[in-house]
Amino acid sequence: MRLGLSTFLGVFAAATFSFAFLEGSGTASCTLNASGGDDAPQFLNAVKACSTVIIPKTTTLNIATRLNMTGLSNKHIDLAGTIRFTPDIPYWTGNAFFFPFQTQVTFWILGGKNITLNGGGTLDGAGQAWYDEFATNSTLLRPIILTISQATDVFVEDISMINGPEWHNLINESKNVVFQSINISAASTSSRRAANTDGWNIYRSDNVVIKDSIINNGDDCVSFKPNATNVLVANLDCTGSQPLIDEQWDICRILRPVSRNIKMSNAQNGARIKAWAGPNVGSGIVKNITFDRFIQSKVDHPMIIDQCYMTNATACAQFPSNTFIQDVWFNKGSAIELTYNHWSTLASDLENSAQKLKGEDALTPEEYVLRPGWQRTGLCVAHLAFGAGIAAALLVTQIRFVRTFAILPPSGSEGRRVFLQCAHNFRKNGIVFPLGKCSLKDGRNETEMIFRVAGERGHWHLGFDDSIINGRRVPLPQARAEVLADWEGKRVAKSSSKPKLTLDSRWKSGPIRRAVGN
C-alpha cells in the first residue's frame, strides 16, 4: 500500500494517532486516540489511509460533525472503545445526511465492499437531549446512529448501541449484510420518552441477517421496509419493543423474510404486518413470511395483520390497501422443544424461598418459572411416544395401498403370478401371489379397484390416478383397461421379452403396472 505525502499531512493535521505498517501483510493499521475536540476528521482520515482502524477500549471519540464513509473497500474498524455523537441539535438538524425515505437523517454513512465493524465497543447516540426536544417539537429530524448504504459484504459484530435519537440502524440499498451479537438499549432518564428508537430498518436490501442480539427499546425491534428480500432474523430477545413489521410504502416487495427463535416481552405488539390504506398510497406485495418459534410474554397483541394502518375506517373502505399479503406462516416449533424450554408455572412460595436464599429478589405471584426438570422430561417422553404412535398408525393405513403392481408371466412350473409393492416395502421388495388365488373388484369409485387374495386377511387398494405404465403416464380409463386386459391374459408378455423393470433374479420379464401416489 503506497501513501502519498499529502495523505500523511492531512492525517496529522487533523489529530495525532499511531500509524503502523503490518510487515508482510500489505495493510496499514491505525490506532486512534481522543483529541479533546471533534474526532470526526481524524476518524475519516484514518479510515481512508488504513485498512484497519483501532479504537482502544479506554478511548471515547467525540463526533461533532457528520461521517461520510462511502466507497470503502476491504476496511476493518476495530471498535473496543466508544464513539459518541455530540447532542448538538442545531448542527445536526442542518448537516446530518438526508434520506428521502420516511424523511430520515443519519450521523454516519458506511458504504462500499467488504467492511467489518466489531470489537466489543459502543456507539452512543446521546439521545436524551433529542428525546426532550422532540417532546416539544414533533417536526424535529433526529439522526440514525449508523446507516449501511449501497454496501456489499458488511459484517457488524459484538457492538453495543445506546440511546439513539431515533432509529439505531438503517440498511439501505445493500446486499449481504450481517449483524450479530448486537446489544441495543434506549431509555429516557426524564419524563419524555425515547420515541421511534427502532433497532433496525431494512430498505431496498437483499440477503440480510440479524441474529443473536438483545434489544431493549421503545419501538420496533426489526422493521422490514419496501423491497426488503431474503431477510433472516434469528435468536433475538426484544424487550419493550413493538413488532417485527412488514410495512408498505410506495411500490414495494417484501419477500421471504424469516423471523426465528424470537423472544418478545413487555411489548405492545408481537409479530405484526402492517400496510397503509387511503388515497395516494402505493402498492406492493408481502409474500412468504415465516415467524418460527416466536415466544412472547406480556405482549398486548401477539399477532396482527393490519391493512388499514393509521387509516380511519371510512377512508380504508373507500381506498383499501393496495398491498397483497400472502403465504404467512406461524410455526410454533416442536412440542418437545416448547415443553422442555418453556413449560412454566406461576411462582410459588417455594421458588420465592429459593430466590431469597440465593440473595435475589423474590418473584411476584404473576411471574412464571420453569417446571421441575422431571416434569418437563416426562411430558417430552409422552410427546415422543404419542408422535411415534401416530406415525405407526399412518404406516399401517398405508401398507394396504399398492404403489407397484405387476402381472408376471409363467416361469417353469409356476403359472402367472401377481407382484405387489406397498408403502412399507423397499424399492425391489414386495409380495408375490399366484394369480389363481387373486381377485379384482370395483373399488369405492372408478379411480381404484380392490385386490383380494384367498386365504389372506383384508384387501389392498389398487389406484389408477396418475398411473405410469411401462414408463408412460396414461389417463385413468386407459390404465384401468390395460390392467384388466393383462389380468384376463389377453396381452401376456413372452418370457423372452426384455423386462421393463427388473425386480430380482426371479422376475425376469412382464409388463409392469405402477400406481403413483397411492
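For region 473-482, putting each phi into the Karplus relation 6.51 cos²θ - 1.76 cosθ + 1.60 with θ = phi - 60° gives couplings of 7, 10, x, 4, x, 5, 4, 5, 5, 5 Hz, in residue order, rounded to whole numbers and with x for Gly and Pro.
Heavy-atom accessible area for Trp487, with the other protein chains in place and a 1.4 Å probe, reaches approximately 50 Å². Taking 0.36 nm per residue of sequence separation and removing the Cα-Cα distance, the Asn183/Gln375 pair yields an extension gain of 65.7 nm.
Accessible area per residue was computed with a 1.4 Å probe on protein heavy atoms; Asp306 scores about 40 Å². Accessible area per residue was computed with a 1.4 Å probe on protein heavy atoms; Thr314 scores about 100 Å².
For Met161, Met310, the ranking by accessible surface with the largest value first comes to Met310, Met161, using a 1.4 Å probe. Protection proxy ranking of 116-126, 184-194, by the mean of other Cβ atoms within 10 Å over each peptide's residues and highest first, is 116-126, 184-194. Each Cα pair under 8 Å and six or more residues apart adds its sequence gap; the mean of these over the residue count of region 69-171 is a relative contact order of 34 percent. Applying a threshold of 19 Å to the alpha-carbon distances of Lys57/Lys263; Lys225/Lys274; Lys75/Lys113; Lys175/Lys263; Lys48/Lys75 flags Lys57/Lys263; Lys175/Lys263 as lying beyond it.
Measuring r between the beta carbons of Asn429 and Thr290 and using R0 = 51 Å, the FRET efficiency lands at 0.85. Got a sec? Which residues in region 464-481 would a label at Phe401 touch, if it sits 7 Å along Cα→Cβ and we count backbone N under 13 Å? Those under the cut-off are 464-466. Peptides 144-154, 450-460, 295-305, 44-54 ranked from most to least packed give 144-154, 44-54, 295-305, 450-460, packing being the mean of other C-beta atoms within 10 angstrom over each peptide's residues.
The values are calculated or read from the model by the stated rules, or taken from the named source; none is laboratory data. Just so it is clear, the model here is predicted, and its values are computed rather than measured. Using ideal geometry, Cβ is built from the backbone for each residue, glycine included, and neighbour counts are taken over all protein chains shown. Surface accessibility is based on the protein's heavy atoms, side chains included, excluding ligands, DNA and RNA. Shrake-Rupley method; radii C 1.70, N 1.55, O 1.52, S 1.80 Å.
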